[in-house]
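Student: The following block contains the structure, expressed as structure tokens.
The values are calculated or read from the model by the stated rules, or taken from the named source; none is laboratory data. Keep in mind the model is a prediction, meaning the values are calculated, not measured. Neighbour counts run over all protein chains shown; Cβ positions are idealised from the backbone, glycine included. These area figures cover heavy atoms from the full protein model, side chains too; ligands, DNA and RNA do not enter into them. Shrake-Rupley method; radii C 1.70, N 1.55, O 1.52, S 1.80 Å.
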Amino acid sequence: MAASKKKSLRWAIIGLGKQAERMADAILAARGHELAVVASHDLAHAVEFKNRFNVRHAYAGLRDLVRASASFDVVIVASPNNEHVRDAVTLLNAGKHVLCEKPLALTRDEGKKIIAVIILGGGLTGAYLIGFGAKNPQEVAVGIIEAVKNTDPRFNFEASLKSGLPTPEG
């Protein structure tokens, strides 16, 4: 019987500024993880980022990223702050696990919208990236990986009950 090959976790990043560079370094430093897709409003910037970080695919914006969703498992939303809600909700609705760079949203109502999509999404994971206080990319990668592994939709549900956010029951 042949040994099964362990599948790597395929990451995407939308929004390719300084935070995206740090996240790319972290993903590339982590064993069993691959930066598979990047997206930016500016396709030329996405291609440059793709080439610099040896990424498989570069796309022009959210719509193209959603169309390519079979190419990745988890997406980091590092787009401009005012686009976080649109990007996170769209990607969650496309069935993707999402980590959102801070701030999660600009208002409480926007934050509630993202949390409602996570809660009502039936098993989707959404997490809010915070600083891990790490000094090197490997430490950041471990922090990101732990955030993904330890995000539990039940926690979001329990938090929603305490804060008056939407619940599956309405």
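Student: For the pair residue 19/residue 71, report the inter-label distance in nm, with labels modelled 7 Å from Cα in the Cβ direction.
Tutor: 2.3 nm
Student: For the stretch 18-59, report the translational diffusion coefficient in µm²/s to the nearest whole number, using Stokes-Einstein at 20 °C, 1.002 mPa s, and a Kirkwood Rh over Cα pairs. Display every interim value, and only then the final one.
Tutor: Details: Rh = 10.3 Å.
My calculation gives 209 µm²/s for D.
Student: Related question: Given 0.36 nm per residue, what is the gain on full extension from residue 9 to residue 120 after removing their alpha carbon distance, in nm?
Tutor: Working: separation 111, 0.36 × 111 = 39.96 nm, distance 2.42 nm.
This chain segment gains 37.5 nm when fully extended.
Student: In whole percent, and with a 1.4 Å probe on the protein chains, what portion of the accessible area of the stretch 1-84 is carbon and sulfur?
Tutor: That share works out to 50 percent.
Student: Figure the gain on full extension for residue 42 and residue 57 (residue separation times 0.36 nm, minus the Cα-Cα span) and round it to one decimal in nm.
Tutor: Once the chain is fully extended between residue 42 and residue 57, it gains 4.0 nm.
Student: Considering all projection directions equally, how large on average is the shadow of the alpha-carbon convex hull of the stretch 1-103, in square nanometres?
Tutor: 6.8 nm²
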